[in-house]
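A short reminder: the numbers here are calculations on the coordinates, not readings from a lab. Note that the structure is predicted; figures quoted are calculated from it, not measured. Positions of Cβ are backbone-derived with ideal geometry, glycine not excepted, and every protein chain shown enters the neighbour counts.
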Amino acid sequence: MYFDVNGKQVFATTGGKPFDAAKKTVIFLAGSALDHTFWGLHARFFAFRNYSVLCLDTPGHTHSEGPALASIEELGDWVNDVVESLGISDVSIVAHSQGCLTAMEYASRYPDKMRSLTLICSGLATPVNDYLLNAAAEKPAAAVDMMISWGFGGAGHLHQGPIPGNSMAVGGYKTMWRNAPNELAVDLNACNNYQNGKTAATAITCPTQVLIAGKDRMAPAKATAALVEHLQDPQVTRIADSGHMLPLEVPNQCRALLRDFIFSNNPSL
């Protein structure tokens with residue numbers, strides 16, 4: 001669906017059900033240069049269990065009007081603008097990678113409507129090496145290649161996946177190319193410049209879940225350990241065989257963990 005936020009069009013998918021602000025709402029936030037399609041295997045599950053769902057394209061990405069926002073703090077404020085624009089009252093956020101930084105900013109600064117927060121494959125910060133930053137601006141094809149290579153575990157590289165005939169890696173390429181070169185470079189710089197993770201994580205008061213991928217090359221163990229350390233009593237699960245694209249690589253296990261956590265902390269019935 002399309003809707004207006006601050007005079008600009010925003011796009012979100014709703015899991016196959018009409019959006020209803022009176023229902024409990026699950027907001028899905030994707031990582032750098034990704035979009036609503038990242039959450040297709042999870043959004044429908046909640047939409048058909050009496051939740052409203054928003055898989056957001058952030059400004060400038062795929063179907064949402066630009067420009068892309070240049071900082072994580074701006075993105076956190078923008079999520080609040082979405083919530084206020086649609087009149088949502090009870091929010092669960094599920095976030096991946098860069099989306100986790102945005103979610104932490106929103107949850108720490110606008111706690112009143114937060115009922116649960118799930119952070120998947122992230123740390124308190126996401127520093128980006130100079131080679132990837134430069135490639136995103138000057139050689140976007142190389143940058144996308146690197147992110148797909150580093151992002152997926154063995155299943156992605158072997159073109160295996162839960163949907164017959166579907167390649168996770170090819171899907172990742174298609175999505176990122178919708179948001180390269182400009183949005184990819186903006187996203188990576190926003191991640192690299194973000195310094196408020198410790199403060200934000202410490203200030204989060206809603207129930208929090210952290211999903212960690214054992215073979216993650218983009219959010220390594222040291223980074224995820226620092227995140228867990230600064231949250232208040234998070235529920236932590238480590239999935240040993242997954243890479244950074246955990247929601248795509250192990251969707252059934254991921255969905256079961258989301259189900260149990262959100263059903264407990266933001267029940268729809």
List, in order, the whole-Hz ³J(HN,Hα) value for each residue of segment 88-105 obtained from phi through the Karplus relation with A = 6.51, B = -1.76, C = 1.60 and θ = phi - 60°; use x for Gly and Pro. 7, 10, 10, 10, 10, 10, 10, 9, 10, 6, 4, x, 5, 4, 4, 5, 5, 4
Among the aspartates and glutamates, which have Cα under 19 Å from the Cα of K24 when same-chain residues fewer than 8 positions away are ignored? D81, E84, D90, D112, D260
Can you list residues from other chains, or at least 5 along the same chain, whose modelled amide H is less than 5 Å from the amide H of M245? G153
If you place +1 on the Cβ of every Lys and Arg and -1 on the Cβ of every Asp and Glu, how big does the dipole about the Cα centre of the chain come out, in debye to the nearest 20? 760
Can you give the helix-only mean residue ellipticity at 222 nm for the chain, where every DSSP H stretch with n ≥ 4 adds -39500 (n - 2.57) and the sum goes over all residues, rounded to the nearest 500 deg cm²/dmol? -13000 deg cm²/dmol
Less than 30 Å apart at the alpha-carbon level, and either on another chain or at least 8 residues along: which lysines does that give for K215? K139, K174, K198
Using the Cα centre of segment 166-269 as origin and beta-carbon charges of +1 (Lys, Arg) and -1 (Asp, Glu), tell me which of S268, T224, G214 is placed farthest towards the positive end of the dipole. G214
Calculate one ³J(HN,Hα) per residue across segment 57-62 by plugging θ = phi - 60° into the Karplus curve 6.51 cos²θ - 1.76 cosθ + 1.60, and present them in order as whole Hz with x for glycine and proline. 8, 5, x, x, 9, 6
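What percent does the relative contact order of the chain come to when contacts are Cα pairs within less than 8 Å and at least six residues apart?
Details: 553 pairs, mean separation 58.4, N = 269.
Once divided by the residue count of the chain, the mean separation gives 22 percent.
For an R0 of 25 angstrom, estimate the FRET efficiency from the Cβ-Cβ distance between M1 and A141 and round to the nearest 0.05. Don't skip to the end; give the middle numbers.
Details: r = 32 Å, r/R0 = 1.29.
Calculated value: 0.20.
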Among Y110, Y131, which comes first, then next, by fewest other beta-carbon atoms within 10 Å? Y131, Y110
Could you give the dipole magnitude of segment 1-91 about its Cα centre, charging the beta-carbon of Lys and Arg +1 and that of Asp and Glu -1, in debye to the nearest 20? 560
Whole-Hz ³J(HN,Hα) for each residue in segment 20-34, computed from phi via Karplus 6.51 cos²θ - 1.76 cosθ + 1.60 with θ = phi - 60°, x for glycine and proline: what do you get? 9, 5, 6, 8, 4, 10, 9, 9, 10, 10, 8, x, 4, 6, 9
I'm spelling it out carefully: the read-out is percent of Cα pairs over 27 Å apart, the candidates are (1) 42; (2) 30; (3) 47, and one was derived from this structure. Which label? (2)
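How big is the antiparallel share of DSSP beta bridges in the chain, given as a percent to the nearest 5? All intermediate terms of the calculation are to be shown ahead of the outcome.
Details: 6 of 30 bridges.
Of the beta bridges lying entirely in the chain, close to 20 percent run antiparallel.
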Cα to Cα, under 24 Å, and not fewer than 8 places away if on the same chain: which lysines meet these conditions relative to K8? K17, K113
The distance between the Cα centres of segment 42-79 and segment 196-269, in whole Å, is 18
